[in-house]
Amino acid sequence: MTEQEKFMKAALKLARKAAEEGEVPVGCVVVCDGKIVGRGRNRRETKKTALGHAELEAIGKACRKLGGWRLHKCDLYVTLEPCPMCTGAIINARIRTVYYGAPDPKAGSCGTLVNLFELPYNHQPAVVGGLLEDECAGALRDFFRGLRERKKREKQERQRAQEPITEA
Ligand SMILES: [Zn+2]
């Protein structure tokens, strides 16, 4: 396993933890000098905020740990391609390289819908997509499948509860 894969595995672990909490499974780690300095997972539902993305949490923790907002020696690993909000935070934090697992056709802003890292902002992080893509996409797929199955079951239970009781 490469070092990059090892860090993506750590992000995947956080994604699975998010899934256990009923959140869409996205996990993120920020790495400096070969060490994880910030961890984050999606917590939009738990924290009831649109700002609860994994990358923002991991960047916030890395800044606190390293005692500053400049993360120019840090790389970020995230299981799902960052959205425009997180891409903005990544640029602001001066992250060196972003590694992501699965592309995001709905909000991906590092190459899928747009690549904000190519624009002439004051900082352009390097980006590597598709790292452990199958595993990262699989975690999302399993989560949404489970959600659909649960909703279907609940609907069936509701329908059964409404059925008139017929005599045998
Ligand atoms: Zn985001």
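A short reminder: the numbers here are calculations on the coordinates, not readings from a lab. The shown structure was predicted, so the numbers you read here are calculated from the model rather than taken from an experiment. With ideal geometry, Cβ positions are generated from the backbone for all residues, glycine too; neighbour counts draw on all protein chains shown.
What the phi angles of segment 29-40 give under the Karplus curve with 6.51, -1.76 and 1.60, with θ = phi - 60°, is a coupling list of 10, 10, 10, 10, 6, x, 10, 6, 10, x, 10, x Hz, glycine and proline written as x.
Computed from Cα positions, the angle between helix 54-66 and the longest principal axis of the chain comes to roughly 40 degrees.
Quick one: work out the % antiparallel among DSSP beta bridges in the chain, nearest 5. Mind dumping the intermediate values first?
Details: 12 of 20 bridges.
The antiparallel fraction comes to roughly 60 percent.
Computed from phi, the 3J(HN,Hα) profile of segment 100-109 under the Karplus parametrisation 6.51, -1.76, 1.60 (θ = phi - 60°) reads 10, x, 8, x, 10, x, 8, 9, x, 10 Hz, with x in place of Gly and Pro. Taking each residue as 0.36 nm, the span from M1 to E20 lengthens on full extension beyond its C-alpha to C-alpha distance by 4.2 nm. Within the straight-line cut-off of under 25 Å between alpha carbons, the lysines reachable from K73 are K6, K9, K13, K35, K61, K65, sequence neighbours fewer than 8 places apart in one chain being disregarded. Between Q159 and L119, the simple spin-label model (points 7 angstrom out along Cα→Cβ) gives 4.7 nm. The calculated FRET efficiency for the pair A107 and K152, based on their C-beta separation and a Förster distance of 30 Å, comes to about 0.70.
Label point of L66 set 7 angstrom out along Cα-Cβ; within segment 111-149, amide nitrogens under 19 Å from it belong to 117, 122-128.
Among T49, T2, what is the fewest-to-most ranking by other Cβ atoms within 10 Å? Each step should come with its number before you reach the end.
On the way: T49 11, T2 8.
Ordered from fewest to most neighbouring Cβ atoms within 10 Å, T49, T2 come out as T2, T49.
Could you work out the relative contact order of the chain? I mean the mean sequence separation of Cα pairs under 8 Å and 6+ apart, divided by the number of residues, in percent. List each step's numbers first, then the result.
On the way: 333 pairs, mean separation 29.4, N = 168.
Contact order relative to length: 18 percent.
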